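The values are calculated or read from the model by the stated rules, or taken from the named source; none is laboratory data. Please read these numbers as outputs of a predicted model, since none were measured by experiment. Positions of Cβ are generated from backbone atoms using ideal geometry, with glycine treated the same way; all protein chains shown enter the neighbour counts.
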Amino acid sequence: MNDHTAEQEQKIQRAQEIIGTQFGNTDILLHAITHPSATEGKPVKLSYERLEFLGDSILGAIVANEAFHRYPDLDEGGLTRIKVALVSGASLSKVAAELGFEDIIVFGSSEQGTGKRGLHSALENVYEAVVAALYLDQGMEGARSFVMKTLVPRMSRELATEPENPKSALQEKLQEEGITPTYKLVETQGPPHDRTFVSQVFAGMKALASGMGRTKKESESQAAKAALELFNFGRDKDEVAAAKLAKEAAKEEQRRQKVEQKRLKEEQKRARAAEKQRQKNMALPQGKPDSIVDDASTQV
């Protein structure tokens, strides 16, 4: 008989419903859905961290094997891009969210009332941990069945044409319109040990898209990728909307620069006038301001 709490038991049952299988060892499943905040001061094996490590490798192998056999004409680069796109943090967290994993994660008291700010990374981690739990409980076929059902349907040949470096691809496109994209970190979520970063990418003064990641670099990359997908950059499709947006951003930036130049000229003009007046005052006899000199000349 196990010593699970009522909450843990409820989440285990819900997790098995979502995953679509019954675990022989429900302790493994519990560990896979337990956030580190719920095991503070306890052995690390009780949370999903170790399982996440194992699941990452198993997941990569399953996706790589499927891509290898599904697309025999693709080279290493194309296969790599497919794998990277599917197992990215953004991809896994999205799949986990759609499956309803938010309802099965066991959070600790330190996360209560915070809105679970690290939910993005937690969803990604739990997905990988569940893959590992299935592998340990039911073997490779159990893990593979889950991945084939939940993640592989997103696999497509189009993923092979996505840029390996979204930031470089976006910059190349925008620079055709004379714009250099800029990035801004707009939010940091979660506790120090489980951060999620949110960044926005801008064309001139106009925000294009936002992205999330476990590092600032990843969040910027995801923002660039979202911008590329939004306007079909790099896919040999209609880029009219993207070009229009880029031109509007360029015009907006030019207007901003003109306003700034006008402001600087006005400041310089005022500074010259002030300096001219200062020099005029210095040229007057000591202790006699303009008004006194004028009065004296009038009397004469």
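Structure notes:
- Remark: Thr180 falls outside the filter, which requires a residue to be under 20 Å from Lys94 (Cβ atoms), of a type outside the set (D, E, K, R) and outside the structural domain of Ser37 (by the TED database).
- Identification of helices (runs of 4 or more DSSP H) wholly contained in segment 36-137 with 1 or more residues that are in contact with a Phe, Trp or Tyr (Cβ under 7 Å, 6 or more places away or on another chain) and within 22 Å of Thr161 (Cα to Cα) yields 76-87, 89-99.
- Of all the residues in segment 159-215, those that are part of a loop (DSSP other than H, G, I, E, B), among the β-branched types (Val, Ile, Thr) and at pLDDT 85 or above number 2.
- Filtered residues of segment 138-153 (kept if charged (D, E, K, R) and either in contact with a Ser or Thr (Cβ under 7 Å, 6 or more places away or on another chain) or crowded, with 19+ Cβ neighbours inside 10 Å (or both)): Arg144
- None of Ala296, Ala241 is modelled with pLDDT under 60, exposed (fewer than 12 other Cβ atoms within 10 Å of the Cβ) and closer than 23 Å to Val201 by Cα except Ala241.
- Close Cβ contacts (under 6 Å, 6 or more residues apart or on different chains) running from residues in segment 123-150 that are in the same structural domain as Ile19 (by the TED database) and touching a residue at least 40 places away in the same chain (Cβ under 8 Å) to residues that are of a type in the set (Gly, Ala, Ser) and not in a helix (DSSP H, G or I) comprise Asp137/Gly24.
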